[in-house]
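Everything on this sheet refers to the single structure shown next.
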Amino acid sequence: MQSSPKDLPTRRGIITASLLPAAGMLLAAMSVHAASAAADTVHGRRFQTLVRPFVETYCVKCHGGEDPEAGLDLSAYTTVDSVVSGFSDWDLVLEKLQGAEMPPLKAKKHPPPALELEVAAWIDALRRDEAGKTAGDPGPVQARRLSNAEFDYTVHDLTGVDLRPAREFPVDPANQAGFDNSGESLTMSPVLLRKHLDAARLMADHLVFTTDGFEFAPYPVLTDTDRDKYFTLKIVDFYKRQPTDLAEYFAASWEYRHRGALGLDAASLADIAARRRVSARYLATVYALLTDGRDDAGPLAKLRAQWRAMRGPPQDPAALHESAVRLGDFVTDLRERLVPAVANLSAPPIHEGSQTLVLWKDRQMAANRRRFDADALHVAGAAPRAVESAATAEQVATAAQLAANAPDAIVTGAPAADTAAARALKETIRSGGKFIAPAIVTAGTSATTQLAAKQNRDDDPDLMVPAEPAARARALAAFARFADVFPDAFYISERARVYLDAADEQKLSGRLLSAGLHSMTGYFRDDAPLYDLVLSPADQRELDRLWRDFYFSAAIPQRMHTSFVWWERTDSTFMRDPQFAAFRPEDKSVTDQDKIGRLAALYLAKAVANQANSTVQEAIREHFRRVAADVALVETERAAAEPRQLQALLGFAERAYRRPLSAAERAGLLDFYRQCREKNGLDHEDALRDSVAAILTSPNFSYRFDLKETAGGGKPQSARIAPLTDYALASRLSYFLWSSMPDRELLAHAAAGDLHRPGVLAAQARRMLKDPRLANFSAEFLGHWLDFRRFEEHNGVDRGRFPEFDNDLREAMYQEPLRFFTDLVQSGAPVQNLLYGDYTFVNAPLAKLYGIPGRFSTDAWVRVDHAGEFGRGGLLPMAVFLTANSPGLRTSPVKRGHWFVSNLLGQRIPAPPPNVPSLPADEKSLGELSLRQSLEQHRKDPQCAGCHSRFDTFGLAMEGYGAIGEVRNVDFGGHAVDSRAEFPGGVMGEGMAGLRDYIRAHRERAFIDNLAAKLLAYGLGRTLLISDDLLLDEMKARLAADHYRFGAMVETLVLSPQFRNRRSQLQAGPLTARYISPHIGDNLVH
Amino acid sequence: MRPATHRSGHILSRRTVLRGAGVIMALPFFESLRVLAAGTTDASGHPKRLALVFMGCGINPNHWWARGAGADMEFSRTLAPLAPFRTKLNVINGLVNKPAVGVGIHPGQTGNILSGVPLAKGAVLRGGISMDQVLANTIGRDTLQPSLVLGCEQPVTGYHETNFSMAYSSYISWQSEDSPVPLEVYPSLAFDSLFENRGSRRLESILDRVRDDAASLESLLGADDQRKLEEYLASVRDVEKRVDRMRTDQAGAAGNAADRGRPLATMSRPDNGLPQDLREHMKLMSDIVAIAFQTDKTRVATLMFNRDLSGMFYPFLGVTKTHHSASHDDTSDDYEKIARYYVSNLAYLAARLDAMPEGEGSVLDNTCLLYFSNMWSGTSHDNTKLPIVTIGGLGGTLQTGRVLDYSAAGDGNRKLCSLHLSLMDRMGTTLPRFGDADTRLANL
């Protein structure tokens, strides 16, 4: 470790108290000494009288001169100031002195112990003094790009989709503290920039454009098929989320009815609806129908009878559900039988599957959802009579008479639709006659068949109405209300071809929101009952918006029409005549208003020339009217959407940059968009895509420049220390606790200018700890601290020897500590649970490995208490650490032990010398010697023992766990497992229990010290300095005072001056802060 | 870390995000940028190109045959337009795309013809990546445009009676298992995508923009932070330089290629809109493929002369039925005329390529035009064997002048995907398996 005491570190400068802003700063002790004062201090004098002579006598022989040992030149330290600025060297000196490692045994001169103690005490005191003087220094926190993990989390929060573009980025290096969230290690290169750029453009390909702006899909959306998929799935998803199960409404009604007995006296119907998660609106409708006694005839009477028969409380939920389902089934069964049939329109040579006719049918069916088929009912006691062929005018007249007098007569045939008689006949039907309208009779149905069908219905008591006119009227009214409240379907989410036999078509599922056409692109919205009966106004608006965005984004009207033009010439032969030659599907102008109009006229004319009846003609006219209107609407909306989408672009930039934009920035973004349109000739959507890509490649997004002022301000103030702006603070908080961008609430506080207030800051930190996004913190903080962050890709296990180690188990192993830690933080449990907690979290694969009985699934994580019975509990026996620190076919006590002291306890262990022979990879090949015996070398050879004695034995204590962390009694080499160990200081222990006891007695402080130091380094995004010592003390004090709740340290950190301020950058100086190890207590055991 | 949400294999396809015309160009491997720009060829010779030319609904089975070999090859009526290329072609019979047989007619027989993966019915599209897009992801990195996907008939996306989406009838190029490559039907836009350099202009604009962002940030930062920004700026400048160099390289390449194919090098930009006459439309699209190959703007092209379930009609042939309807009488004279018309278009494309000198031969000699249909017989929707012709020697790697018949070779030895694997090999991309095949086509 080279040190150059002549460098003036940047932290030594002069500040004056008057430049410190007033609000909430604890920097009272922030003055840093001028160079000249130090020499006269107590430390200065002692340095000259005690320390320097000591060093010159006992150290400099090796640690001085031209080639100092281990690169440590102690002779260069001639002043106290030099010691302070090169303190990392002196920290090492202290450690070596206290560990009795220096001077080495072979040295000729050895200082008397008392002198060593004095020197050590001096170093210690100097440090403490320095710590006091410089406490609160924010330290050099460099601006930096987002780490890969932060990039992914931010993209997820920004777009709403977990796109994970950083999967393709090169792995980020860590800083000295072991974290990758610091400018000390994060750099930018052309390769990485290109990947950022590619990622940004890929994300832009995920854009979906809506009438209001844009959103991101989970996959690129570039083709019509992509857009169709995105919106149909969204709409169908919306439908499926709605409460449309009648049984639920009956159950809720029951609950309301018996609310007194159920202890829900004060509940209103709306409250019950909220409790049971059904629509309040529809519940009110259903409840009224059940209880208001109006139209008490026919189906309503029957329903109400069943309702009244429902047993009151107490009722177990299963039984209640069952009886509610029975009511629901009664309704749906009956309702099915009341659906009016809609016959196909037929008008050869128009193909039956033509959009003109099929969409007409769709519209009829949609209109019928809350109507009932009066023809399905029969009058009690009346016998049907049949009359055939009401084709001529006289027959029509006869039929009319029959219908008036004998309500059950069935008449078939096809009278000329336009005669007055036919119209009169239709009128008669509407007022209760029994004529099957000509348009409804499909070709070939004879009166006999109809009669037979009708006779079947006549056996159905539910479809009977009384003969007496007044009673019959009441019954019909009941049917009407019944059908109105209970639609035959709340919505149609998919449809096969509607003009063909329904039974045959049933197997053609998956045609979401289809209009029921053959081969053509075609969608049809049929959800009025859901909309009118169930949805709240907000939900109605959302559904409308979804359909509007669908038609808008995927140009549905245009594509349906081009489909139409193609089809009418192929499967249909209608448009093969030369007069239609001008209309080609490839031709963009085929959807121009004038071309639609001309086609409409030609189409209609041909239909009329072929004797199409008036219904068909009207259907044709209506079809083309709608096409023209829908096409025009989409075009208008597209034009109107452009400015809205540009506003959305600005909003997006603001969120991406995590701060408000200046006017210049806004203008710049719009200018870029215009350039894309004009200079690069892009259309609106592509220009927006490039604009989004530019935003996501901008350093404003991918870098953490915690600017003093918001953009547009002047130069930074000349103060050395200044508070972070609220926006900078918001980002610092969110990247600390969520590794992601600030959310709306944080930004709202930043906008209000109160985020820096201690009360607000602490409250926000507490809120953020409880948020699900804390899982990100667990992954990044714990994952890096305990060095398992990349375990999801761990391939060191021999899957031949360990077939149970599959990807699911690997993933489960990785998750276990994260789940544990997140739970610990959010529940406020003491941090010592990490070491001693007798519980852990498992899912199916992990439970299997651990031998924990019970039913588990891969996706659900369950807390298991008394985990000690299975050899688990806390971090230490977690399979992930045992596996990560094993070379695949055997355990490695050395690696495990090293991980334990180095990662977990923060002890500094130097790297091994270069020429150490390695142990065999496979336990089987160790032969006669056990692993333990092979490691005896480490203890015998003093060169090895110096370091290895500090950690090997901890790994030996873990020998009861095999290469994938499984509990074992015998190793692969056939030896019985021996997990006894002699820990540093001569303490004996065995297995995990022994290890825990040892920690509790001797190293718990070290663990806490290390945890605090790691947390602080992570939270500040830099390696620690002496000036952080007091903050660490404070964090640990608050921790102890608050039941060792992890959150206490977080809050202390967040309220510290280090976190809330930054150093301003007057002059360029050396960038890297030299790492100073935090004072880890009790790691030095003699 | 949250468990990864399901992603449909877009990692591969990222670099080939295409919009027929507005290609979002990914940066190629700089290291392997063709030295064509420098006017030399690399060690392996001239670039090889592959064009997949599709005609829907089968051919007239009575008139689709060839006999003999090489200069003595004889042709049926439908194949007669290819006679001038007899020594450069192979007529291949008897191959089958098994995952498309017996699943349902039309879309189920078409969508996977280049992927060999069973197609999913119903709500969500799913198949497999097509072989031209596999090539686009690999060798496509060396050209301005990874691949070109053109068609003469617009796609339709309703549902067929077999409950397969009509998207499978409309698209044979799939960039991933669930997303087709957009088809460009407008000649002018296809032309622009190749020659207007829009792709690199867009990249440069974005890079300019972020450089400006960084510049405005700079004045707001302190010295240390500026240093980090400088690192960013240096990276931006580096990437910009490469984009610029790539553009000049490509311009150079175009110039060089133009020199070599002197008489046919230039093609003026087609008019906007659609040609009224189908004949002109098809010729224009063929011209664009030819010139794209000649100028090495791309080496992989898919040209759908029409769609499956095609609605094309041919007044100039004196045929009144539309294509699909006519295919239902596939032994008729009308349908023979239609099939022959398509083959003559293929001949036109081959002639264009053959007239462009390259090395010792022509561009055609370094190309393979793979012509195929999704069925043998449109009347019976028989796709247990497919009509296939290859034209071009693919840089000497493909033996030509043969009539190959795999009908009797056994199902394991006559897979269409074996042909795809063999062609991909010759194009420089070796896969262990593709679609339903893990062996190459014997005797190819």
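A few comments on the model shown:
- Multiplying the residue separation of A:Ala640 and A:His321 by 0.36 nm and subtracting their alpha-carbon distance yields 109.9 nm.
- Shown is the FRET efficiency for A:Glu982 and A:Lys240, computed with R0 = 56 Å from the Cβ-Cβ distance and rounded to the nearest 0.05: 0.30.
- Along chain B, counting only trypsin sites (Lys or Arg not before Pro) with a DSSP assignment other than H, G, I, E or B and at most 14 other Cβ atoms inside a 10 Å radius, the longest segment between sites is B:8-432.
- Sequence-distant residues sharing a close amide H with B:Thr302 (under 5 Å, placed H): B:Leu52, B:Leu148, B:Val149, B:Leu150
- A simple spin-label model places pseudo-atoms 7 Å from Cα toward Cβ; at B:Lys241 and A:Ala752 they are separated by 5.1 nm.
- Electrostatic bookkeeping for A:Glu95 treats Lys and Arg as +1 and Asp and Glu as -1; over the other residues with beta carbon under 9 Å from its beta carbon, the sum is 0.
- Ascending count of other beta-carbon atoms within 10 Å, so fewest first, for A:Lys61, A:Lys1014: A:Lys61, A:Lys1014
- Close amide H pairs (under 5 Å, H built 1.01 Å from N) link B:Glu358 with B:Val363, residues at least 5 positions away or on another chain.
- Applying a DSSP loop filter and a limit of 14 other Cβ atoms within 10 Å to the GluC sites (Glu not before Pro) in the range A:77-179 leaves A:Glu101.
- As a calculated quantity, the FRET efficiency between A:Arg45 and A:Ala1041 at R0 = 51 Å, using C-beta atoms, amounts to about 0.85.
- Hz values of 3J(HN,Hα) by residue in the range A:583-593 - Karplus curve (6.51, -1.76, 1.60), Gly and Pro given as x: 9, 10, x, 5, 7, 4, 6, 5, 9, 5, 4
- A simple spin-label model places pseudo-atoms 7 Å from Cα toward Cβ; at A:His258 and A:Thr187 they are separated by 7.4 nm.
- A:Lys1036, A:Lys606, A:Lys679 arranged by Cβ crowding within 10 Å, fewest neighbours leading: A:Lys679, A:Lys606, A:Lys1036
- Between A:Leu500 and B:Leu317, the C-beta separation translates, for a Förster distance of 41 Å, into a calculated FRET efficiency of about 0.75.
- Distance (nanometres) between label positions extended 7 Å along Cα→Cβ at B:Glu231 and A:Ser614: 8.2
- Cβ-based exposure ranking for A:Leu92, A:Leu882, B:Leu220, in which fewest neighbours within 10 Å come first: A:Leu92, B:Leu220, A:Leu882
- Paramagnetic reach from A:Asp806 (point 7 Å along Cα→Cβ, amide N under 12 Å) across the range A:942-974: none
- Each Lys or Arg adds one and each Asp or Glu subtracts one; over the other residues with Cβ under 13 Å from the Cβ of A:Ala619, this totals +1.
- Sequence-distant residues sharing a close amide H with A:Tyr523 (under 5 Å, placed H): A:Ala515
- With θ taken as phi - 60° and the Karplus curve 6.51 cos²θ - 1.76 cosθ + 1.60 applied, the whole-hertz 3J(HN,Hα) list for the range A:95-100 is 4, 5, 5, 5, x, 6 Hz, x standing for glycine and proline.
- In order along the range B:381-396, the phi-based Karplus estimate (6.51 cos²θ - 1.76 cosθ + 1.60, θ = phi - 60°) of 3J(HN,Hα) comes to 6, 7, 10, 6, 8, 10, x, 9, 9, 10, 10, x, x, 6, x, x Hz; Gly and Pro are listed as x.
- A simple count of charges around A:Ala135, restricted to other residues whose Cβ falls under 9 Å of its Cβ and scoring Lys, Arg +1 and Asp, Glu -1, yields -2.
Bear in mind these aren't lab numbers, they're just calculated from the coordinates by the rules spelled out. Computed from a predicted model, the values in this text were never measured in an experiment. All Cβ positions, even for glycine, are placed from backbone atoms using ideal geometry, and neighbour counts span all protein chains on display.
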